[in-house]
Amino acid sequence: MKTTISILAFLVAPVMFAQSWTGALVDSKCFDNELRNVGPTNTDSQANTDKAYEIRYCHPNAKTKSFAVVDFDGASHALDAAGSAKAEEFVRANPHKSRYEVKVTGEVQGKAIKVESISGR
């Protein structure tokens, strides 16, 4: 009985900690630069940014190496190195999209998402 419970807990544990994020896939370096690109007198940078423009401007391409997902609230979530490699494959497989809407599944480790899967929406 204890063995069955242990095996069940082992199989269910990874699923319990996995999370999902949906949003636009962007070049994370570009997006971070755009977020910091504010005037010296601007006291509330979040209020005066155009997230839709920043997402379009930071559209990933075949040369992009670091990725992030910007959710519908405008928060960006960086992908880890392995996740960025998966995103790079995704972009190369879908080269002519004007905007990459994705669903990322994984878990947060530090400041980045450790990606288990990435798929188009």
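The values are calculated or read from the model by the stated rules, or taken from the named source; none is laboratory data. This is a predicted model, so every value here is computed, not measured. Don't worry about glycine lacking a Cβ; one is built from the backbone with ideal geometry, like all the others, and counts go over all protein chains shown.
The one condition from (1) under 11 Å from W21 (Cα atoms); (2) exposed (fewer than 13 other Cβ atoms within 10 Å of the Cβ); (3) among the basic types (K, R) that K103 does not meet is (2). Residue pairs whose Cβ atoms lie under 7 Å apart, separated by 6 or more positions or on different chains, with the first residue in region 25-40 and closer than 19 Å to F72 by Cα and the second at pLDDT below 85 and among the aliphatic types (A, V, I, L, M), do not occur. Could you list, in sequence order, the residues of region 63-94 that are more than 23 Å from E34 (Cα to Cα) and not hydrophobic (A, V, I, L, M, F, W, C)? K86, E89, R92, N94, listed by residue number. I'm trying to understand the selection: among the residues of region 106-121, which are among the basic types (K, R), surrounded by 14 or more Cβ atoms within 10 Å (Cβ to Cβ) and under 16 Å from G23 (Cα atoms)? If the condition is that a residue be among the basic types (K, R), surrounded by 14 or more Cβ atoms within 10 Å (Cβ to Cβ) and under 16 Å from G23 (Cα atoms), then no residue fits.
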